[in-house]
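J.: Once you've had a glance at the structure underneath, I'll fire off some questions.
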Amino acid sequence: MQWKIPLSDIDFGPEEMAAVDDVLRSKWLTMGSMTEEFEQAFASYIGAKYAIAVTNATAALHLSCVVAGLGAGDEAIVPSLTFVATANAVRYTGATPVFADVASEDDLNISYHSIERAITARTRAILVVHYGGYACDMPSIMELARERGLKVIEDAAHAVGSSLAALSLVFGVILDVLAFLRDMPGVTMLWIWDTTIVLMRSVLRWERFN
C-alpha cells in the first residue's frame with residue numbers, strides 16, 4: 001500500500017535488524033533476558049519503580065483497568081478522540097465508558113471541563129490519552145481526581161519522551177497506572193516489535209498486576 005501522506009518515516013536500520021536477529025538466535029520470542037533488560041531500561045528512563053511488557057496496547061489498558069479496580073456498575077471517563085481499545089478496555093472489566101470531549105479544535109486532548117461534567121456517583125477512573133505527544137492538562141486533571149477520589153490511567157502511546165513543566169510527562173506530577181503502548185509504527189514515538197510497557201509506582205498495584 002502506498003500512502004500519499006505517510007504518518008512518519010520509521011527509523012529502522014542495521015542496528016535494529018541486528019537486535020531482531022539477536023532475539024531470534026536466543027530462541028526467546030516473547031519473554032527472556034532481552035525483555036527483562038528492556039523493562040528495566042525503560043523504567044529507569046521514565047523514573048518508575050516497576051515496568052512490565054505485555055503483548056499489545058489493548059492488553060495493557062485492560063490490565064491497567066483491572067489493577068485500578070474497575071468492575072460491573074462502575075464508570076470510567078475516556079476521551080472521545082481515541083482508538084477503540086480505550087473504551088473496550090473499560091468494557092472488558094464490566095464497567096461503562098463515558099466519553100468526554102476534546103478541549104478545542106486546537107487542543108485534541110481530553111477536556112478537563114468535559115471530564116468534570118461527566119463525573120457521576122458511579123465514576124471510578126479517568127483514562128487520558130496524550131494525543132500526538134501533547135500533554136493533557138494533567139495538573140488540573142490530577143487535582144480533580146484527588147478531590148473526587150478517582151484513579152487515573154494514562155495512555156502515553158504517543159508520548160514517550162514528552163515532558164510537562166520540565167518534568168517527564170509521567171511520574172513527575174502524576175499517576176496511578178501508566179501504559180506506554182506500541183500499537184502502530186509511526187504513530188507511537190517508540191518503535192518496538194509488538195510490545196507494550198506498563199509502569200507503576202505502587203508495590204501493592206504491582207503485586208496485584210502480577
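J.: Please give the contour-minus-distance gain from Gln40 to His113: 0.36 nm per residue of separation, less the Cα-Cα distance, rounded to one decimal in nm. Let's see the in-between values first.
T.: Values: separation 73, 0.36 × 73 = 26.28 nm, distance 3.67 nm.
22.6 nm is the gain from fully extending Gln40 to His113.
J.: Sequence neighbours fewer than 8 away in the same chain don't count; with that in mind, list the lysines whose C-alpha is under 19 Å from Lys151.
T.: The qualifying lysines are Lys49.
J.: Would you mind getting me the FRET efficiency between Ser140 and Ala72? Use the beta-carbon distance for r and R0 = 35 Å, nearest 0.05.
T.: On the way: r = 30 Å, r/R0 = 0.85.
In this case the efficiency is close to 0.75.
J.: Test of understanding: what is the full-extension gain from Gln2 to Thr96, defined as 0.36 nm times their sequence separation minus their Cα-Cα distance? Working shown, then result.
T.: Details: separation 94, 0.36 × 94 = 33.84 nm, distance 3.82 nm.
That pair, Gln2 and Thr96, stretches by 30.0 nm at full extension.
J.: Ignoring ligands, DNA and RNA, how do Leu164, Leu150 rank by accessible area with a 1.4 Å probe, largest first? Don't skip to the answer; put the middle values down first.
T.: On the way: Leu164 40, Leu150 15 Å².
So the residues, ranked largest to smallest area, are Leu164, Leu150.
J.: Can you list residues whose amide H is under 5 Å from Lys151's amide H, if they're 5+ apart or on another chain and H is modeled 1.01 Å from N?
T.: When sequence neighbours closer than 5 places are left aside, the close amide H contacts are Ala125, Ile126.
J.: So what are the ³J(HN,Hα) numbers for the stretch 19-30, from phi and the Karplus equation (6.51, -1.76, 1.60; θ = phi - 60°), rounded to whole Hz, Gly and Pro as x?
T.: 5, 4, 4, 4, 5, 4, 5, 6, 6, 10, 9, 10
J.: Sticking with this structure for a sec: If you split all Cα-Cα distances of the stretch 1-91 into 10 Å bins from zero, what percentages do you get per bin, shortest first?
T.: Per 10 Å bin, starting at 0, the Cα pair percentages come out as 12, 27, 35, 22, 4, 0.
J.: Can you sort Tyr92, Tyr134 by 1.4 Å-probe accessible area, starting with the largest?
T.: Details: Tyr92 125, Tyr134 165 Å².
Result, largest first: Tyr134, Tyr92.
J.: Turning to a different aspect of this structure: For the peptides 28-41, 100-113, what is the packing order when you average, over each peptide's residues, the other Cβ atoms within 10 Å and list the highest mean first? Before the final figure, lay out each step's value.
T.: Values: 28-41: 12.3, 100-113: 16.1.
Top of the packing list down: 100-113, 28-41.
J.: Give a residue-ordered list of calculated ³J(HN,Hα) values for the stretch 130-142 (Karplus: 6.51 cos²θ - 1.76 cosθ + 1.60, θ = phi - 60°; whole Hz; x for Gly, Pro).
T.: These are the phi-based 3J(HN,Hα) values: 7, 5, x, x, 8, 6, 5, 6, 5, x, 5, 5, 5 Hz.
J.: Limiting things to C-alpha atoms, what are the Rg and the maximum Cα-Cα separation (Dmax) for the stretch 96-147, in angstroms?
T.: Rg and Dmax of the stretch 96-147, Cα atoms, are 10.8, 32 Å.
The values are calculated or read from the model by the stated rules, or taken from the named source; none is laboratory data. Nothing here was measured: the structure is a model prediction, and the numbers come from that model. Because the Cβ atoms are built from the backbone with ideal geometry, glycine has one as well, and the counts that use them run over all protein chains shown. Heads up: the accessible areas ignore ligands, DNA and RNA and are worked out on the full protein's heavy atoms, side chains in. Shrake-Rupley method; radii C 1.70, N 1.55, O 1.52, S 1.80 Å.
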